[in-house]
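The next block holds one structure in the form of structure tokens; read it before the comments.
The values are calculated or read from the model by the stated rules, or taken from the named source; none is laboratory data. Just so it is clear, the structure is predicted and the values come from calculations on it, not from any experiment. Quick reminder, even Gly has a Cβ in these numbers, built from the backbone with ideal geometry, and neighbours come from all protein chains shown. Ligands, DNA and RNA are stripped out before the accessible areas are found, and what is left, the full protein with its side chains, is counted by its heavy atoms. Shrake-Rupley method; radii C 1.70, N 1.55, O 1.52, S 1.80 Å.
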Amino acid sequence: MPAKMATRGLSVWYGSKRAIQDVTLDVEENAVTALIGPSGCGKSTFLRTLNRMNDLVEGCRVEGVVTLDGEDVYGRDVDAVAVRRRVGMVFQKSNPFPRSIFENVAFGLRIAGMRDRQTLAARVEESLRDAALWDEVKDRLGDSALALSGGQQQRLCIARALAVRPEVVLMDEPASALDPIATARIEELIRELKRRYTIVIVTHSMQQAARVSDFTAFFYMGELVEYGPTERIFTRPIQKRTEEYITGRFG
Amino acid sequence: MTRTARDRALAAATGLCVALVLGMLLVVVGEIVRHGWPQLSWAFLTDQPTADMTGGGIFPAIYGTVALTLLMTVAVVPMGVATAVWLHEYAGRSSRLAAVVRAAVHNLAGVPSIVFGLFGLGFFVLFLGGSIDDLVYGDPTRPVWGKPGVLWAALTLAVLTLPVVIVTTEEALRAVPRDLREAALGLGATRLQTVVRVVLPNARAGILTGLILAVSRGAGEVAPILFTGAANFLPYLPSDLRDMFMHLGYHVFVLATQSPNVEAARPALYGTVLVLLVLTLSLNVAAVWLRSRYRAALRS
């Protein structure tokens, strides 16, 4: 089976500083791929390159190839906005709009031109159910999203990303600001979502990577050190640096 | 001198300066309120001036000031906000053009207001108005647009207050968290959609503050409207964009220097100054209040 997304010889610069160096990696469909590594290793940069969020960073330059279903994401005729509709994103810090719960989830649909109220309502409910938030908010969809707890806000952000029905969901340390219970719920959700979505998650918690992912990529100093099935990476790493990192000797 | 003595001397000197400033403010405001207050009445606010402006009220001046300021607002807000949006959302941080525009905006803010008045006369009244007349009517002896009027005065004031709106709007845009922009863009919003649906709504309190500051600055300026539309006295209220108008600030000038009987006009003068002062002061207070509320909302 061909990879859902893939990079070939991908390098990313911020000004004259190279943040990612020559990364070649396949993201499998309907699987969870975890990116791990110490702070500043380039894992977040790599993630943001996949849906062209780095286009917005001044001085950022991308070299190499990123493909989505075999199609070059950075191709000359490819619109970054169209890429981001297919490759959604959940951020480290939950960032709901200061609006109602309903309007948060409906945002992506509205900007895509969906007007019909019933369709909108149905899609909002479906997305909130997918994000395991529906039962907690169904009676107060008109309330401000900022009134929700941290964990609920993050699930709302996931619901908001799912509402536009992306094919790939990128998650940048989605649980790093949450307590253990909220984290467990997010992890459960990720395992649930991979049946229908391709998920790439950045995490600094190796336990989390081990719990939720099918594949793990270890980044160090902007390079991809090792990539493979999660179980193998954590039990029989080939590279010495991977072993040192996962056994907690540095990072 | 020992260190503590020096400290004390400095404290005394700065305290004296503060007292001086407060004292001057108190004398100015106190004088105006003392003389102006007895003059205030419902009739003063709603009547026409009579008896060479020594009697009656100042309603036409209030009306003219409000009309002028509203028109100015309609002109300055879209232009100022659009400029700020371009500067902050579209032009890159290293854009040369943006640097030039910013420098121009700051220079604009430093231009004396009488220069704006002359610019308004030359550009809006004579050039723009005159050109319309040439094109449409072709009779230079009977100008329709090419003469001072409330529209030209409002546009002149809009140019004067443009820097205030641009600077405060840009500040408001800067205060919108990057997170929210990324959230919108990550959902497939275009830049324009992000600006219109996320950035501007979240900056509206800041933009409103800029607007109020612009209005309070514009409402008190006399020099820019001197040649572009203000009238000594008008027997009617302006009803057309091309009509001239009376204005509180200009009315103060007229009462103080142009009246045939300065002594007799004095009570009306104090009353007018008080009204003008209350108007601009309350606008400033509203701006400060809005801004503090906005900052508090951002922090939480």
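So how much accessible surface do B and A hide from each other in total, probe 1.4 Å, in square angstrom to the nearest 100?
Counting both chains, the buried surface is close to 1900 Å².
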Ranked by how many other beta carbons lie within 10 Å on average, peptides B:113-124, A:163-174, B:277-288 from highest:
A:163-174, B:113-124, B:277-288
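Order the peptides A:23-29, A:77-83, A:94-100 from the highest to the lowest mean number of other Cβ atoms within 10 Å of their residues.
Highest to lowest by the protection proxy: A:94-100, A:23-29, A:77-83.
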Over the range A:182-251, with every protein chain in place, what whole percent of the accessible area is carbon and sulfur at 1.4 Å, could you tell me?
48
Let me have the relative contact order for chain B, percent, based on Cα pairs under 8 Å that are six or more residues apart.
27
Separation of the range A:1-78 and the range B:161-225 by C-alpha centroid, Å?
34
Considering amide H positions built from the backbone, and no H for Pro or chain starts, which residues 5 or more places from B:Gly55, or on another chain, come under 5 Å of its amide H?
B:Thr50
Answer check: the range A:1-122, Cα atoms, Kirkwood Rh, Rg/Rh ratio of 1.01
Would you mind checking A:Lys17/A:Lys93; A:Lys93/A:Lys138; A:Lys17/A:Lys194; A:Lys43/A:Lys138 for any pair whose Cα atoms are more than 31 angstrom apart?
A:Lys17/A:Lys194; A:Lys43/A:Lys138
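Could you give the DSSP H helices of chain B that reach 20 angstrom or more along their long axis (alpha carbon positions) and whose average Kyte-Doolittle hydropathy is no lower than 1.0?
Helices meeting the criterion: B:3-36, B:59-85, B:150-175, B:204-220.
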Run the accessible area of the range B:62-246 with a 1.4 Å probe and give the carbon-and-sulfur part as a rounded percent.
69
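For the protein assembly as shown, give the share of DSSP beta bridges that are antiparallel, in percent and rounded to the nearest 5; count only bridges with both residues there. Intermediate results must be reported in sequence, preceding the final value.
Details: 26 of 44 bridges.
Looking only at bridges with both residues in the protein assembly as shown, the antiparallel portion is about 60 percent.
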Considering only C-alpha atoms, what is the centroid distance from the range B:84-152 to the range A:194-251, in Å?
61
Rg and Dmax of chain A, Cα atoms only, in Å
18.1, 56
Among A:Val12, B:Ile32, B:Leu269 the positive-end extreme of the charge dipole of the protein assembly as shown (Cβ point charges):
A:Val12
Hey, how many Å between the Cα centroid of the range B:232-300 and the Cα centroid of the range B:56-83?
11
Can you list the residues of the range A:80-119 whose accessible area drops by at least 20 Å² going from the chain on its own to the full set of protein chains, with a 1.4 Å probe?
A:Val81, A:Arg84, A:Arg85, A:Phe91, A:Lys93, A:Asn95, A:Phe97, A:Pro98, A:Arg99, A:Phe107, A:Arg110, A:Ile111
Average accessible surface area per residue within the range A:5-246, 1.4 Å rolling probe, Å²
43
Net charge near A:Ser16, counting Lys/Arg +1 and Asp/Glu -1 over other residues with Cβ under 14 Å of its Cβ?
+1
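What is the ratio of the Cα radius of gyration of the range B:62-246 to 2.2 N^0.38 Å, where N is its residue count, to two decimals?
Compactness ratio reported: 1.19.
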Stokes-Einstein D for the range B:155-207 at 25 °C, 0.890 mPa s, Kirkwood Rh over Cα pairs, in µm²/s?
206
Take peptide B:176-184, look around each residue's Cβ out to 10 angstrom, count Cβ atoms belonging to other protein chains, and average those counts.
5
Accessible carbon and sulfur surface of the range A:1-57 relative to its total accessible area, %, 1.4 Å:
44
Residue farthest toward the positive end of the dipole of chain B, with Cβ of Lys/Arg at +1 and Asp/Glu at -1: which of B:Gly129, B:Val66, B:Pro163?
B:Pro163
Consider just the alpha-carbon atoms of the range B:84-165 and return their Rg together with their Dmax, both in angstrom.
16.5, 51
A chain fully extended from B:Val27 to B:His106 at 0.36 nm per residue, minus the present Cα-Cα distance, gains in nm 25.1 nm
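Show that you can apply the helix-only estimate: for chain B, add -39,500 (n - 2.57) for every DSSP H stretch of four or more residues, divide by all residues, and state [θ] at 222 nm to the nearest 500.
It lands at -22000 deg cm²/dmol.
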Of all DSSP beta bridges in the range A:5-246, antiparallel share, percent nearest 5
60
Taking R0 as 25 Å, what FRET efficiency do you get between B:Ser94 and B:Ala205 from their Cβ-Cβ distance, rounded to the nearest 0.05?
0.25
So for each of B:76-89, A:57-70, B:14-27 I average, over its residues, the number of other beta carbons within 10 Å; can you give me the resulting order with the highest mean first?
B:76-89, A:57-70, B:14-27
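Estimate the FRET efficiency between A:Thr119 and A:Val65 by the formula 1/(1 + (r/R0)^6), using the beta-carbon distance for r and 35 Å for R0, to the nearest 0.05.
E between A:Thr119 and A:Val65, to the nearest 0.05, is 0.40.
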Can you give me the relative contact order of the range A:5-246 as a percent, contacts being Cα pairs under 8 Å and 6 or more apart?
29
With unit charges on the beta carbon (Lys/Arg positive, Asp/Glu negative), name the residue among A:Ile190, A:Phe46, A:Ala159 whose Cα is farthest towards the positive pole of the charge dipole of the range A:5-246.
A:Ala159
The Rg/Rh figure for the range B:1-130, Cα atoms and Kirkwood Rh, to two decimals is 1.16
Using a Förster radius of 60 Å, what is the FRET efficiency between B:Leu45 and B:Ala11 based on their Cβ-Cβ separation? Nearest 0.05, please.
0.85
Where the range B:156-300 is the region considered: accessible area per residue in Å², 1.4 Å probe:
42
Using the crude model of +1 on Lys and Arg Cβ and -1 on Asp and Glu Cβ, and no other charge, please compute the dipole size for the range B:62-246 relative to its Cα centre, in debye to 20.
540
Return the Rg/Rh value of the protein assembly as shown, two decimal places, where both radii are evaluated on C-alpha atoms and Rh is the Kirkwood radius.
1.13
